[in-house]
Amino acid sequence: MYFVAVGFNIIGFTFMYASKSPGDYVILLLGLALTSLYMDMKPLLLNGIIGLAVLIFFCFVIYVGENTIAIIAYYVVIWLTLLGQSTIGRRMLKNMGASMQE
């Protein structure tokens, strides 16, 4: 789980550094989506923190002049939504397991 979280951010950093296009931050969102499939909050938090650091670095160093605040806000909103979904999904799986044992 943690390997996927760190690996996608390394891949995202490499893609973003190679092309220097603001649209390449979508690979960071893909990493968030794939990490959220585990329904575990810790790898999603790790992926989000590393991805946010990578995004902030590129927004203020490479993508100067672009609408960087909107890109960062979009990333944070998606990250928080996936964290909420992970919490709800974990609770649902826990309730399903308890009802199956009854």
Whichever residue in the stretch 18-48 is free of Cβ contacts under 8 Å to residues at least 12 places away in the same chain and of a type in the set (A, V, I, L, M) and, among such residues, is surrounded by the fewest Cβ atoms within 10 Å (Cβ to Cβ): Ala18
Could you check the stretch 78-102 and list, in sequence order, the residues that are without any contact (Cβ under 8 Å) to a residue 40 or more places away in the chain, within 23 Å of Val26 (Cβ to Cβ) and open to solvent by less than 90 Å² (accessible area, probe 1.4 Å)? Thr81, Gly84
From the list Phe8, Phe15, pick out the single residue that is over 16 Å from Leu83 (Cβ atoms) and either open to solvent by less than 20 Å² (accessible area, probe 1.4 Å) or within 11 Å of the chain's Cα centre (by Cα) (or both). Phe8
Have a look at Tyr17, Tyr25, Tyr75, Tyr38 and point out the one that is among the aromatic types (Phe, Trp, Tyr) and not in a helix (DSSP H, G or I). Tyr38
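The values are calculated or read from the model by the stated rules, or taken from the named source; none is laboratory data. Just so you know, these numbers come straight off a predicted model, no measurement behind them. FYI the Cβ positions are ideal-geometry reconstructions off the backbone, even for glycines, and counts take in every protein chain you see. Note: areas computed on protein heavy atoms with side chains; ligands, DNA, RNA excluded. Shrake-Rupley method; radii C 1.70, N 1.55, O 1.52, S 1.80 Å.
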